[in-house]
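Below: one structure, written as structure tokens.
The values are calculated or read from the model by the stated rules, or taken from the named source; none is laboratory data. Quick caveat, the model's predicted, so the values are computed rather than measured. Note: ideal-geometry Cβ built from the backbone for every residue, glycine included; neighbour counts use all protein chains shown. We work out accessible area using only protein heavy atoms, side chains counted, and drop any ligands, DNA or RNA first. Shrake-Rupley method; radii C 1.70, N 1.55, O 1.52, S 1.80 Å.
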Amino acid sequence: MKCPLPLALTFLTVFPWPSNGEVTSEDLARSLFWFPWVGALLGLVYWLAGAGLSHYFPPTAAAALLLALTVLLTRGLHLDGLADTVDGLGGGRTPEARLAIMKDSRLGAFGAISLVLVLLLKYTFFLVLFERGLARDLVLFPIISRWGIVVLTGLAPYARPGGGLGQAMTEGAKTGLITGSTLAAFLFSFLAGGYTGLISMVPAAVGVWGASRYFRRRLGGVTGDVYGAVNEILETLILGLTVLWG
């Protein structure tokens, strides 16, 4: 049986990994277990990069460079999902119309606004952390956000009738996978932020539950774009809480 960690790594990041044969729907579903692990790896990279950047650059420049790094290391995958989701929600009157807009690769006004706001908030939170000398706090937010994706797969059905990238994950999300991923997220969040890290998982869980109900009502369920949007929202939320509690 293939280990799905490389699949999770190549799906969520730009880190290269040799191909291990044909990828099945079961492989995609099993890769969910490793999402918090990939988040922890990204967090460590952000921490090390942040420590180095803050040593050589003023906080404003360091925050901008770190923001660019977060986009490069994830290929902007989740940002693209955020923009598509907001475009669909803002431009469609029915679930079918919203899903059709989300599938359109063109960027609309609603999506552009969402990108500007999220990137601006992230930059501001990074700036505050650098000014406080708290680069170590950059580890937590990618862990909890990737865990949030896993939890969402178990809370809402897949919405797009024709299928899509997230369908295998949504339909293959078993209780054991979600439980194992949650235990890993608990461990990594505690190691990254102590009890504050564990407490940060509570508003994230509430946010994911609320998102599942919202997208059920607006879209009939979730899609791959929705997973990306929720990841971006959770990253911004956890960064904001880190600044607030730091």
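Okay, here's what the table says:
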read-out	value
Residue within the stretch 156-164 that is in contact (Cβ under 8 Å) with a residue 40 or more places away in the chain, within 16 Å of the chain's Cα centre (by Cα) and either surrounded by fewer than 22 Cβ atoms within 10 Å (Cβ to Cβ) or outside any helix (DSSP H, G or I) (or both) present	no
Single unsatisfied condition, G50 versus (1) more than 18 Å from the chain's Cα centre (by Cα); (2) surrounded by fewer than 17 Cβ atoms within 10 Å (Cβ to Cβ); (3) outside any loop (DSSP other than H, G, I, E, B)	(2)
Whichever residue in the stretch 53-81 is polar (S, T, N, Q) and more than 21 Å from W147 (Cβ to Cβ) and, among such residues, is least open to solvent (accessible area, probe 1.4 Å)	S54
Selected residue (only one of R136, R93 is assigned to a helix (DSSP H, G or I) and basic (K, R))	R136
Residue match in the stretch 174-190 (condition: outside any helix (DSSP H, G or I) and polar (S, T, N, Q))	no
Cross-chain or 6+ apart pairs with Cβ under 8 Å, the stretch 216-227 first and more than 17 Å from S105 (Cα to Cα) and touching a residue at least 40 places away in the same chain (Cβ under 8 Å), then hydroxyl-bearing (S, T, Y) and in a strand (DSSP E or B)	G221/Y158; V222/Y158
Any hit, the stretch 82-93, residues being free of Cβ contacts under 8 Å to residues at least 12 places away in the same chain, more than 20 Å from the chain's Cα centre (by Cα) and open to solvent by 20 Å² or more (accessible area, probe 1.4 Å)	yes
The stretch 202-226, residues that are within 23 Å of F11 (Cα to Cα) and open to solvent by less than 10 Å² (accessible area, probe 1.4 Å)	A204, V208, S212, G221, V222, T223, V226
Failed criterion for A168 (all others in (1) in contact with a Gly (Cβ under 9 Å, 6 or more places away or on another chain); (2) open to solvent by 10 Å² or more (accessible area, probe 1.4 Å); (3) not polar (S, T, N, Q) hold)	(1)
Positions within the stretch 102-150 being open to solvent by 10 Å² or more (accessible area, probe 1.4 Å), modelled with pLDDT of 95 or more and in contact with a Phe, Trp or Tyr (Cβ under 8 Å, 6 or more places away or on another chain), in sequence order	V139, W147
Members of the stretch 20-43 that are surrounded by fewer than 16 Cβ atoms within 10 Å (Cβ to Cβ) and either part of a helix (DSSP H, G or I) or among the charged types (D, E, K, R) (or both)	E22, S25, E26
